[in-house]
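Here the structure comes first, spelled out in structure tokens, and everything after it is commentary.
The values are calculated or read from the model by the stated rules, or taken from the named source; none is laboratory data. Not measured: the values here are computed from a predicted model. Here the Cβ positions follow ideal geometry from the backbone for every residue, glycine too, while neighbour counts run over all protein chains shown. Ligands, DNA and RNA are stripped out before the accessible areas are found, and what is left, the full protein with its side chains, is counted by its heavy atoms. Shrake-Rupley method; radii C 1.70, N 1.55, O 1.52, S 1.80 Å.
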Amino acid sequence: MTETSAAADACCSPQTGGCCSSSTPVDIVTADAATSVASAPAEKASGGTILVAAPRGYCAGVDRAVDVVEKALDLYGPPVYVRKEIVHNKYVVESLSRRGAIFVHETDEVPEGARVVFSAHGVSPQVREAADARNLLSIDATCPLVTKVHREAVRFAKEDYDIVLVGHEGHEEVEGTYGEAPSHIQVVGSPDEVDKVVVRDPERVVWISQTTLSVDETKMTVDRLRERFPALIDPPSDDICYATQNRQVAVKNIAPRVDVMVVVGSANSSNSVRLVEVALEAGTPSAYRVDMASELDPAWFEGASTVGLTSGASVPEILVKDVIEWLGERGFPNVEEVRTETETITFALPRNLRSELSAQGMEDARPHARRKSGPNHTS
């Protein structure tokens, strides 16, 4: 399934061992953000052009979370239980399932005393307590930037502020953050919901946010909050993560130059869905989200000469390469990467996992190195 401006349910069945994997090398000509399409190399082949946004794909938090499950499988052997999807990407979840990870909705589905990984989106204290009650051996793969927002919620609740959590009701990250201080937090999903906020003291209101939101829409929501509560306090540092912001900036940069934008990412990936919206708002005539190349529709590209391409923060690069190959076979042989930022952030693995890896003489990935793309996401 596909979408233009809103999330839709995705359905795909990757082949065992690496769906949509490509054996054909894909060459990408790099260019910085100041390089226009007109100034691209003169040796262009006849046909259309793909502008590939950079940064794209895996962020440090996703890379760490996937590595947590892979290292746990290597260390302990299957099965390793994972509460919720480790990251919001269908391909990654199916690949890890084939390796022996078992994904569950709640901790009560995990056998007592078994090992469970908490996903990158974080969990509430209540989930941790439920895991402890079942004597589960937990490994916390929560993104450190999500943990930062949790700590902000705890701090402001202790100081007895009313907290407005800007985010999407029902998203796992929002549920986890809300659970830190449910008596102090109200969730607001858009500027239109601001009027429903009720506070005890307009002088003691603070806002925090989900890390994967649209930067522009969040600003609109916060501006509306500030109209109602002029003394509104900002979080001590930006809650929308660096990777979300960087991917949105990269899309904005190429959006006016392309006829069609393709975003690779799953329907339940908030940041992937936002990239479609950002592309449309930045001037792309049409934009589509797909899980993988097999979902692309040739009709989308009729009459197009330039296609934009990006991927959400939980998408392995192999899926982007498959899209490039698919487009190359259909009249878009020229590929240019347009980079607006170079990311160097990495996060260490959870301490308890590092310790046990070290005790077994296994690589503890400290400092954690970003994976390179290969035949599937695990290499």
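Below is a table of values for the structure above.
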read-out: Residue 203 accessible area, assembled protein chains, probe 1.4 Å, Å²; value: 120
read-out: Integer Hz, Karplus 6.51/-1.76/1.60 couplings in order for region 123-128, x for Gly and Pro; value: 9, 7, x, 5, 5, 4
read-out: Those residues of region 226-249 whose amide nitrogen sits under 17 Å from the label point placed on residue 344, 7 Å along Cα→Cβ; value: 242-243
read-out: Solvent exposure of region 194-239 as accessible area per residue, Å², 1.4 Å probe; value: 51
read-out: Two-site label geometry, residue 154 and residue 133: point separation in nm, points 7 Å out along Cα→Cβ; value: 2.0
read-out: Sum of side-chain charges, residue 123 neighbourhood, beta-carbon under 11 Å (Lys, Arg +1; Asp, Glu -1); value: -4
read-out: Cα-Cα pairs of region 193-340 separated by more than 25 Å (percent); value: 37
read-out: Additional length obtainable on full extension of the chain from residue 75 to residue 99, 0.36 nm per residue less Cα span; value: 7.4 nm
read-out: Part-to-part distance (alpha-carbon centres) for region 245-308 and region 189-211, which is given in Å; value: 31
read-out: Karplus (6.51, -1.76, 1.60) ³J(HN,Hα), θ = phi - 60°, over region 324-335, in Hz, Gly and Pro reported as x; value: 4, 5, 4, 5, x, 6, 10, x, 10, x, 8, 10
read-out: Using a Förster distance of 30 Å, the FRET efficiency for residue 351-residue 238 (Cβ separation, nearest 0.05); value: 0.70
read-out: Backbone HN-Hα couplings from phi across region 215-232 [Karplus 6.51/-1.76/1.60, Hz, Gly and Pro as x]; value: 4, 5, 5, 4, 4, 4, 5, 5, 4, 5, 4, 5, 5, 7, 10, x, 8, 3
read-out: Sequence of 64, 99 when ordered by accessible area, the most exposed leading, probe 1.4 angstrom; value: 99, 64
read-out: Ranked order, 158, 252 - accessible area, probe 1.4 Å, largest first; value: 158, 252
read-out: Mean separation of Cα contacts under 8 Å, 6 or more apart, over the residue count of region 164-220: relative contact order %; value: 46
read-out: For region 127-277: rounded, prolate or oblate by the Cα gyration tensor [a/c cutoff 1.5]; value: oblate
read-out: Accessible area of region 154-271 belonging to carbon and sulfur atoms, whole % at 1.4 Å probe; value: 50
read-out: Distance (nanometres) between label positions extended 7 Å along Cα→Cβ at residue 302 and residue 360; value: 5.5
